[in-house]
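The values are calculated or read from the model by the stated rules, or taken from the named source; none is laboratory data. Predicted, not measured: the structure shown is a model, and the values here were computed from it. FYI the Cβ positions are ideal-geometry reconstructions off the backbone, even for glycines, and counts take in every protein chain you see. The accessibility values were calculated without ligands, DNA or RNA, using every heavy atom of the protein model including side chains. Shrake-Rupley method; radii C 1.70, N 1.55, O 1.52, S 1.80 Å.
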Amino acid sequence: LNAQAVEQARLALGLRERTLGADHPDTLSALFVLAENESILGRYEQAEALHRRAWVGRQHALGAEHRDTLASQTALAASLVNLDRRAEAELLERQVVEVASRVRGADHEDTLRAQTSLANILEARGQVAEAEALLKDTLVRKRRSIGPEHPSTLDTMATLGLLLQNASGHAESEPYTREV
């Protein structure tokens, strides 16, 4: 019911803007939800504009290093990939990785999630070797920090297996896919 979800998200955003103001963190969260729903419907231009508004608003309201601000920045990068603006997406996601690593640590889930997002962008840009190295590093860190059987670890392993399959065939990807 994605179309209905967009309408409900618009209503929630309107209510929050009227009662809390446009710059309130809860209003910015509603804006983020609307942007995500627009993206699900394939309305990438609208999603990009809404994600950008949420990101800028969260920078002002919460600071550039806040977890929600970084989530908005990652979502904006994803919107840019959907619009084939991959170089811009890469720059944004590299910033997220740097900030998350510095503020939360190299093994924190936010950092590792950002590294995976960056690897996906790099692969889309044809930078397969760098994407592979980043996914392998992420996998090592996830195995160490959350364990080898955690769903997030398995997801990274599957992503790495798929990248290797697309890049070099089944031989390199098979150990990862088999372990998943």
Practice task
Given the conditions (1) open to solvent by 50 Å² or more (accessible area, probe 1.4 Å); (2) in a loop (DSSP other than H, G, I, E, B); (3) not charged (D, E, K, R), report the number of the one that G42 does not fulfil.
Solution key: (1)
Problem - Residue check for L80: of a type in the set (A, V, I, L, M), in a helix (DSSP H, G or I), more than 27 Å from S173 (Cβ to Cβ) and open to solvent by 60 Å² or more (accessible area, probe 1.4 Å) - result: no
Handout entry: Single residue of the range 153-180 satisfying the filter (of a type in the set (A, V, I, L, M) and under 17 Å from L122 (Cα atoms)) that is modelled with the lowest pLDDT
Key = A167
Exercise for the section: Could you figure out which of (1) modelled with pLDDT of 95 or more; (2) open to solvent by 20 Å² or more (accessible area, probe 1.4 Å); (3) of a type in the set (S, T, Y) isn't true of T138? Expected result: (2)
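Identify, from the list S117, S168, S145, the residue that is small (G, A, S), at negative phi and surrounded by 19 or more Cβ atoms within 10 Å (Cβ to Cβ).
Numbers: S168 fails: surrounded by 19 or more Cβ atoms within 10 Å (Cβ to Cβ); S145 fails: surrounded by 19 or more Cβ atoms within 10 Å (Cβ to Cβ).
Selected residue: S117, the only one of S117, S168, S145 that is small (G, A, S), at negative phi and surrounded by 19 or more Cβ atoms within 10 Å (Cβ to Cβ).
Okay, residues lined up against (1) among the β-branched types (V, I, T); (2) assigned to a helix (DSSP H, G or I):
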{"site": "A114", "(1), (2)": "no, yes"}
{"site": "G126", "(1), (2)": "no, no"}
{"site": "T138", "(1), (2)": "yes, yes"}
{"site": "R141", "(1), (2)": "no, yes"}
{"site": "N166", "(1), (2)": "no, yes"}
